[in-house]
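One structure is given below, encoded as structure tokens.
Read-outs throughout are calculated quantities, based only on the coordinates presented, and are distinct from any laboratory measurement. These numbers were taken from a predicted model, which means no experiment stands behind them. Positions of Cβ are generated from backbone atoms using ideal geometry, with glycine treated the same way; all protein chains shown enter the neighbour counts.
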Amino acid sequence: MGSDKVEVIQYLVDTRKLWPQATKTNQLEHEASRALALLTEEERAGVLRFYFVADAKMSLASHLLKHWVVSRYCGIPWRDTKLTRDAHGKPIFVDAATGQQPVAFNVSHQAGLVALVAVHGYEAGKVDAGVDIVCTSERQDRDRRMVRVEGWAKFVDMHAEVFGASEAAYLKKDLLASSASASQPGPDLPPLAREEDMVDFKLRGFYTLWCLREAYVKMTGEALLAEWLRDLNFRGFRAPEPGDADSFVQASDEEEPAQVIRVHDVLFKGRKVDDANICLRALGPDYMTCTAVRTPGRKEDGLGWELGPFAFLALERILDDAEGASG
């Protein structure tokens, strides 16, 4: 199978309005019984252990997406989509007959949205894939209060252990200089509004960096406890422009180029990273997604793949496909 057969799959599931009658996690056993029935006993138990029902819903959708992408793109019954974990604990699917991973995937969830990236059909070697989704407004009141009370530098320093040294310095000193519009807010705004706009701009930059780093680290298969986190540095990063609140879809480069960032200056242990295809996108006014893929054996393959916008996938479609593949 040639590289022209490779499919890069990117979907979002919005769980915020799913199972509205379930206000507590244990109520999902009844309200989401159809979906829970598609999971393994261990997966169901994991979903129902969450204290907050919103977290349980995202976990449930995350499990469903992983099984769905394996069943649909590998053409196998749902019951055969048995997932295992690699050496880093990352969920994977290994074809028992070939010992290969016919589809490489990764999921992320935040503030009610669950994101999936997957690569299917690449037979030239190994594929690494990572995805992250962030929401700048989920903890907005808390974040603004912390910045107001503690100051921006201390806010950054509270998270510095998971950032590269140059990244923390950039956030504290140079982020505002990266945007003339942010450093020179309109004179018609009152001082308090200008200050709040400035804080929100900084926070959007902070979450941009978080999204970039998380997608990259997940692509490698490791977690935020990796020993080399401080050796990874995204230099001169900037946030994509906020998207449209009304349409809540991701634009293409041609439609809204300021909302899509594909070029990144990344260093690992002082050397330029040149094998990762990284795409950062705005989703509505508050969310961002980042996809990172690479093909270690032949870097030009992964670098050539088009990482387009995510599409929303309805839960009903997943359930119908699952039940249709369960025979």
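Tell me, what is the percent relative contact order of region 130-294, built from C-alpha pairs under 8 Å that lie six or more residues apart?
30 percent
Rounded to the nearest 0.05, what FRET efficiency is calculated for Ser252 and Arg79 with R0 set to 30 Å and r the Cβ-Cβ distance?
0.20
State, to one decimal in nm, how far the label point of Glu316 lies from the label point of Ala45, with both points 7 Å from Cα in the Cβ direction.
Distance between label points: 3.4 nm.
Run the reach check for Lys269 against lysines, Cα to Cα strictly under 20 Å, same-chain hits fewer than 8 apart removed. What comes back?
Lys218, Lys299
Find the relative contact order for region 79-184 and round it to a whole percent, using C-alpha pairs within less than 8 Å whose residues are 6+ positions apart.
Relative contact order here is 14 percent.
Just to be sure I understand: of the beta bridges DSSP finds with both ends in the chain, what percent are antiparallel, rounded to 5?
95 percent
Could you calculate the contour length gain from Asp141 to Asp55, that is, 0.36 nm times the residue separation minus the distance between their Cα atoms, to one decimal place in nm?
That works out to 29.0 nm of additional length.
Given the options Thr84, Thr208, Thr295, state which has the largest fluctuation in a GNM of the chain using a 10 Å cut-off (strictly under) for Cα springs.
Highest fluctuation of the listed residues: Thr84.
Quick one: Karplus J couplings for region 86-99, per residue in order, coefficients 6.51, -1.76, 1.60, θ = phi - 60°, nearest Hz, x for Gly and Pro?
Couplings: 7, 4, 9, x, 7, x, 9, 10, 10, 5, 4, 6, 10, x Hz.
Mean shadow of region 130-294, computed from the convex hull of its alpha carbons, in nm²?
Mean projected area of the Cα convex hull: 10.1 nm².
Pop a pseudo-label 7 angstrom from the Cα along the beta-carbon direction at both Glu150 and His30 and give the gap in nm to one decimal.
Those two pseudo-labels are separated by 4.2 nm.
If I compute percent of Cα pairs over 29 Å apart from the structure I just sent, which labelled value in (1) 37; (2) 59; (3) 41 lines up?
Answer by label: (3).
Counting only chymotrypsin sites (Phe, Trp or Tyr not before Pro) that sit in a DSSP loop (anything but H, G, I, E, B) with at most 10 other Cβ atoms within 10 Å, what is the longest stretch of the chain containing none of them?
Of all site-free stretches, the longest is 53-327.
Quick test of the membrane-span-like rule: which DSSP H helices of the chain reach at least 24 Å along their long axis (C-alpha atoms) with mean Kyte hydropathy at least -1.0?
Flagged H segments are 53-74, 191-220.
Would you compute, from DSSP H runs of 4+ residues alone, the mean residue ellipticity of the chain at 222 nm, taking -39500 (n - 2.57) per run and dividing by the full residue count, rounded to the nearest 500?
Per the formula, -10000 deg cm²/dmol.
Taking 0.36 nm per residue of sequence separation and subtracting the Cα-Cα distance, how much length would be gained by fully extending the chain between Ser166 and Glu241, in nm to one decimal?
Length gained, Ser166 through Glu241: 24.7 nm.
Enumerate the residues in region 57-76 having an amide nitrogen under 13 Å from the point lying 7 Å beyond the Cα of Glu7 toward its Cβ.
68-76
Any idea what the relative contact order of the chain is, in percent, if you count C-alpha pairs under 8 Å spaced at least 6 apart?
21 percent
Report, by chain and number, residues whose modeled amide H sits under 5 Å from the one on His109, excluding near sequence neighbours (fewer than 5 apart, same chain).
For His109, the qualifying residues are Ala115, Ile133.
Taking the Cα-to-Cβ direction at Ala37 and at Met198 and moving 7 Å from each Cα, how far apart do the two end points lie in nm?
5.8 nm
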